[in-house]
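Visitor: Quick one: the structure is below, questions incoming.
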């Protein structure tokens, strides 16, 4: 990587510049599986599953073939098999629908929760889509934030009490961060991405849900009131591809590269 504060590969794999796992901070690693792993408590953190999105779309007259739950189970099984965690923390938006729970959504939430619960302790935190989640999982605590291994985990749609004074790393979600690039001839690529602010000790997770559209972290402002207080230009972007993680440098560097594209120059990521 070669830049101060940049994530470093945990082990090499694939071609140069592509690695399956990286150290985002001491004791915290990220991977192309779209999760964060915290070493001390042996926990993994995922976010934005948005279970029930297909049911919500059907209520509006659209049709989806019911692929969201099996894809999520496959992604979660891959994470569990690789890291063998004792704890699985959900950084909000386990479910999707804002309103009252639909039967299909309730069944999907219970099925996925039971799958996780059979392999590890499940820790939930409340996201802005988790209205009525307590109706489906009444025995599960649903706090605004939790601390694990010296990290505070929250969704990020609002600032939980004590976050500003917290000295450890904050692991958040809500943004569905993605890197979206288009070249002058119209070729387009989009990839889910991790966003890291080493100065403020903040890690933003990509959405795990296959239907949760990625938000362009380069071209658009953050939605989270927590992230809007930070310097976005200095945050680093690690895009997740099937072959591994790709470090694109800082958001400010990518913006400059896009400007050079528009003027006919070649991209130079920093």
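Since every read-out is calculated from the coordinates, none of them should be taken as a lab result. In this text the structure is predicted, and so the values were computed from the model without any measurement. Note that we place each Cβ from the backbone using ideal geometry, even for glycine, and neighbour counts take in every protein chain shown.
Visitor: I need the peptides 219-227, 124-132, 247-255 ranked by packing, meaning the mean over residues of other C-beta atoms within 10 angstrom, with the highest value on top.
Guide: Details: 219-227: 16.2, 124-132: 21.4, 247-255: 19.7.
Sorting 219-227, 124-132, 247-255 by mean packing, highest first, produces 124-132, 247-255, 219-227.
Visitor: Order 204-217, 169-182, 151-164 from most to least packed using the mean count of other Cβ atoms within 10 Å. Don't jump to the answer; show the numbers that get you there.
Guide: On the way: 204-217: 21.4, 169-182: 23.6, 151-164: 19.7.
Per-residue Cβ counts within 10 Å, averaged per peptide and sorted highest first, yield 169-182, 204-217, 151-164.
Visitor: Next question. Would you kindly state how much longer the chain becomes between residue 258 and residue 107 on full extension, computed as 0.36 nm times their sequence separation minus their alpha carbon distance, in nm to one decimal?
Guide: The residue 258-residue 107 span can extend by a further 50.0 nm.
Visitor: Kirkwood Rh, region 123-221, all Cα pairs: how many Å? Can you show the working numbers first?
Guide: Working: mean 1/r = 0.0660 Å⁻¹.
Computed over region 123-221, the radius equals 15.1 Å.
Visitor: Over what distance in Å are the Cα centres of region 168-182 and region 207-224 separated?
Guide: 7 Å
Visitor: Counting each pair of different Cα atoms once, what's the Kirkwood radius of region 146-198 in Å, rounded to one decimal? Write out the running numbers ahead of the final one.
Guide: Numbers: mean 1/r = 0.0749 Å⁻¹.
This gives a value of 13.4 Å.
Visitor: At 0.36 nm per residue, minus the direct Cα-Cα distance, what do residue 77 and residue 128 gain on full extension? Give it in nm, one decimal, please.
Guide: Values: separation 51, 0.36 × 51 = 18.36 nm, distance 2.55 nm.
Here the segment from residue 77 to residue 128 would lengthen by 15.8 nm.
Visitor: Quick one: which of 31-37, 230-236 comes out on top by average Cβ neighbours within 10 Å, and what's the full order, highest first? Can you show the working numbers first?
Guide: Numbers: 31-37: 23.7, 230-236: 17.1.
Final packing ranking: 31-37, 230-236.
Visitor: Suppose R0 equals 22 Å; then what is the FRET efficiency for residue 241 and residue 23 from their Cβ-Cβ distance, rounded to the nearest 0.05? Walk me through the numbers before you get to the answer.
Guide: Values: r = 19 Å, r/R0 = 0.84.
The computed FRET efficiency comes out at 0.75.
Visitor: Could you give the length gained by full extension between residue 167 and residue 221, i.e. 0.36 nm per residue of separation minus their alpha carbon distance, to one decimal place?
Guide: Working: separation 54, 0.36 × 54 = 19.44 nm, distance 2.52 nm.
The span from residue 167 to residue 221 would gain 16.9 nm if fully extended.
Visitor: With label points built 7 Å along Cα→Cβ from the Cα atoms of residue 229 and residue 114, find their separation and express it in nm.
Guide: Each label point is offset 7 Å from its Cα along the Cβ direction, giving 4.2 nm.
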